[in-house]
Structures are given as structure tokens and as C-alpha cells.
Amino acid sequence: MIVLVIALLIGILIGLFIPISIPQDYSSYVAVGLLAALDSIFGALKSNLKGDFKIDIFISGFVGNTLIAMLLAYMGDMLGIPLYQAAVVAFGVRIFQNFGEMRRSILIKNKSFSKEEKNQ
């Protein structure tokens with residue numbers, strides 16, 4: 001988990017200090033791709049908290065979800081339909097679900113840890 005947090009911080013720092021300009025035509029693709037990537041990262045963090053993180057599942061989900069989301073946005077542009085919104089909703093919901101499960105898991109672990117301290 002520490003490696004994932006460090007990688008996330010490095011990515012954030014690179015994004016802050018290296019000015020990258022994305023053309024407006026590609027902004028929906030990049031936004032949907034970022035949401036898909038964030039969904040995979042939050043899913044990995046949740047799995048790590050539960051103790052069942054697997055790197056191959058993370059990498060395949062990260063790459064696969066990002067590509068599918070960007071392909072969906074592209075197909076929507078070709079058809080003249082905002083299909084990227086489906087990906088935004090799906091990944092947005094999953095991000096909040098993963099965050100909620102992570103929060104619950106952390107709170108439950110902290111409660112059981114404090115109970116063990118009181119019993120000793």
C-alpha cells in the first residue's frame with residue numbers, strides 16, 4: 001500500500017510541476033480515463049485494506065477500465081451521443097463506494113484496536 005501511495009504522490013507532483021496542455025477535443029477522453037484510473041486506484045486501496053490485493057488484477061483493471069472508458073467516449077463522439085457520461089456515472093459511483101468501504105474498514109479496525117488496548 002505504501003508503494004501505491006508513493007506512486008500516487010509522485011504522479012500528483014509531476015502533474016503539478018510539468019505543465020501539460022490537453023486540447024479541448026481530447027478533454028472528455030482524458031477526463032474519463034482519469035476517472036477509470038482513479039476507480040482502479042481506490043479499488044486497489046480497498047483490496048489492500050481487506051488483505052486481498054493482487055497486482056495482476058489491479059494492472060488489468062487499471063489498463064482495461066481506462067481503455068474501455070476512453071473507447072466509450074470516442075464511440076460516443078463518432079455517434080454524436082455523449083456516451084462518456086455513462087462512464088462518468090459508473091466510475092463516479094464506484095469511487096464513492098470504494099471510499100465508503102475503505103472508511104468503514106479503517107473505522108472498524110481502529111475500534112477493534114482501541115478495544116484491544118483497553119482490555120490489556
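Got a sec? Charge dipole of segment 1-113, +1 on Cβ for Lys and Arg, -1 for Asp and Glu; which of 42, 84, 112 is way out at the positive end? Among 42, 84, 112, the one farthest towards the positive end of the dipole of segment 1-113 is 112. Between 26, 7, 70, the Cα set farthest toward the positive side of the dipole of the chain (charges on each charged residue's Cβ, about the Cα centre) is that of 7.
Compare 85, 97, 24 in a GNM of the chain, Cα atoms joined below 10 Å, and give the one with the largest fluctuation. Comparing 85, 97, 24 in a Gaussian network model of the chain, the most mobile one is 24. Structure remark: mean-square fluctuation, Gaussian network model of the chain, C-alpha springs under 10 Å; the largest value among 98, 110, 48 belongs to 110.
This model, with +1 at the C-beta of Lys and Arg and -1 at the C-beta of Asp and Glu, gives the chain a dipole about its Cα centre of some 640 debye.
From the square roots a ≥ b ≥ c of the eigenvalues of the alpha-carbon gyration tensor of segment 1-64, which class results: rounded (a/c under 1.5), prolate (a/b over b/c), or oblate? It is oblate, given that a/c is not under 1.5 and a/b is not larger than b/c. Out of (1) 127; (2) 211; (3) 110, which label holds the value of volume of the Cα convex hull per residue in Å³ that was computed here? Looking at volume of the Cα convex hull per residue in Å³ for this model, the match is (3). Taking Cβ atoms as reference points and 11 Å as the exclusive limit, the residues near residue 47 contribute a net charge of +1, counting Lys and Arg as +1 and Asp and Glu as -1.
Every number here is computed from the coordinates shown, using simple stated rules; none is lab data. None of the values given here were measured: they were computed from a predicted structure. When we count neighbours, we look across all protein chains shown, and the Cβ atoms used for this are built from the backbone with ideal geometry, even at glycine.
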